[in-house]
């Protein structure tokens, strides 16, 4: 199922400028050294106004598997213009992860508006905490009924279906809650800070829908070819 750029998707599920694929493309920036499942850990931290971090929780893979597990079927949309519908995942929602935290002041969390996913390969993605809560995001360890393959972010990756897929950071190792919005890997290279597929927020400072020709011939080429030549899905 393909929808040429500018055509309307009759199903209402495919954002503008996207094409549906049955495949699951593997795109990444370089080839990082990925932590094997036997050594993998996930750390949850909170950052204060002085940017000092406090560890809230830490899980190895078996301990993470003991947390409440949720099955999710969702559509995903990559900034490189492919969309894959009805992908099937299993993992721990961010709501359930945060529910493990024993805040010092019960019932009162610190004023946190943002989160940053830090991963193997020095990759990071910045997000609004509000976009991770309410069942909107999860850390996946399984895809399509099997352990998540390394090529797609295994042992574990963040999945945030409402945003372009580069925000669904592969090989996640740390999730940092923070009062600050500090740009991630691709955001520092010119990608949009938020990344809403329905508004075509691909690159910072430009409206893709209005300036698609400029993006395809100038900024897009510059980021793809001159800076790295490869993309992170």
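The table below lists the values:
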read-out	value
Every residue from the stretch 112-123 that is under 17 Å from residue 94 (Cα atoms) and surrounded by fewer than 24 Cβ atoms within 10 Å (Cβ to Cβ)	112, 113, 114, 116, 118
Qualifying positions in the stretch 6-52 - closer than 16 Å to residue 121 by Cα, modelled with pLDDT of 95 or more and touching a helix residue (DSSP H, G or I) at 6+ places or on another chain (Cβ under 7 Å)	35, 37, 40, 42
Filter result for the condition that a residue is buried (at least 18 other Cβ atoms within 10 Å of the Cβ), over 14 Å from the mean Cα position of the chain (by Cα), closer than 23 Å to residue 53 by Cβ and touching a residue at least 40 places away in the same chain (Cβ under 8 Å), over 127, 158, 177	177
Condition broken by residue 134, with the remaining ones in (1) surrounded by fewer than 16 Cβ atoms within 10 Å (Cβ to Cβ); (2) at positive phi; (3) touching a residue at least 60 places away in the same chain (Cβ under 8 Å) satisfied	(3)
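The values are calculated or read from the model by the stated rules, or taken from the named source; none is laboratory data. The shown structure was predicted, so the numbers you read here are calculated from the model rather than taken from an experiment. Every residue, glycine among them, receives a Cβ derived from its backbone with ideal geometry; neighbour counts consider all protein chains shown.
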